[in-house]
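Here the structure comes first, spelled out in structure tokens, and everything after it is commentary.
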Amino acid sequence: MIRYIYLLVLIIFSSCVASESTYNSNSLPMPEINYLNTPYEQIRDVNTTAHFDGSTSYDPEGRQIIEWKWDFYKFNGKDWDFIFTLRGPDKAIINCKFGKIGYYIARLWVRTSDGRWNQDSDVKECVVYVIFHTFSTAQYIAVGSGMTFTYLIELPKDIQVKEACITIVDEYKLPLAEIWIKNPVIGKEAIIEWDGRANKGPYAGEFIPPGTFTVNFKIVPFHSIPNKTDDSPDTQEEQQNQLNNLDEIQ
């Protein structure tokens, strides 16, 4: 009888040791940006919302992620300037509006319930281009006639645009025409004329028939992402000072 009790105690003790060893492993949490909800590169107009989703971050050993830390930087033409941090237990998903044109980067860090942060090499990043642009069209187009588009693009000086595209989409979201603009004009209004013919879909080569259409305008940036170093503030006081002095974001 005594022998059986001894074996039972030994089994329980061994189980506890194994559990403690697993919890004290050297694994670190892994930040993850959900690129389905947050494209790696976002192009946003001034004062429109940029979305960041870090909710898929995880810890290999199953520890709970209790804090997300987003560091934001702005490129000054030569280097990265730190501008602000958003951090907290409720910051897995955040939205920001940038008040000035520029080239920004968001870096995500995560912390587990036992105080572990991910290492620098595992930091995830998301690039945001903040531009200013206007785009106007006529409300109606007669079958067999063309159309005039007016656009204005303003970009940060460190970003170039190699082309832009106007897309005409029907009420079923089917693209009917794409008008590509090589080396679009930057900094002043420009006009593009379209002959009214489809070059995609079932009407390719023909004039677009009567209907309701949506006209989209996008730019294709040409850039290289500079390397950056981490100089984000660690204390709540430093972060608050940065936010108090911030004028790049609203």
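Overview of results
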{"read-out": "Residue ranges of strands (runs of 3 or more DSSP E) in the stretch 25-109 with at least 3 members more than 18 Å from the chain's Cα centre (by Cα) and not aromatic (Phe, Trp, Tyr)", "value": "65-75"}
{"read-out": "Of residues in the stretch 39-60 being touching a Cys at 6+ places or on another chain (Cβ under 9 Å) and crowded, with 19+ Cβ neighbours inside 10 Å, the one nearest to Arg107 (Cα to Cα)", "value": "Phe52"}
{"read-out": "Residue within the stretch 193-215 that is under 17 Å from Asp45 (Cβ atoms), out of contact with any His (no Cβ under 8 Å at 6 or more places or on another chain) and at pLDDT below 90 present", "value": "yes"}
{"read-out": "Failed criterion for Ser121 (all others in (1) over 30 Å from Glu189 (Cα atoms); (2) at pLDDT 90 or above; (3) of a type outside the set (D, E, K, R) hold)", "value": "(2)"}
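Residues checked against (1) within 26 Å of Gln160 (Cα to Cα); (2) in the same structural domain as Glu125 (by TED's automatic domain parsing):
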{"position": "Asn26", "(1), (2)": "no, no"}
{"position": "Pro31", "(1), (2)": "no, no"}
{"position": "Pro60", "(1), (2)": "no, yes"}
{"position": "Phe75", "(1), (2)": "yes, yes"}
{"position": "Asp90", "(1), (2)": "no, yes"}
{"position": "Gly99", "(1), (2)": "yes, yes"}
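The values are calculated or read from the model by the stated rules, or taken from the named source; none is laboratory data. Nothing here was measured: the structure is a model prediction, and the numbers come from that model. Cβ sites come from the backbone with ideal geometry, for glycine too, and all protein chains shown count toward neighbours.
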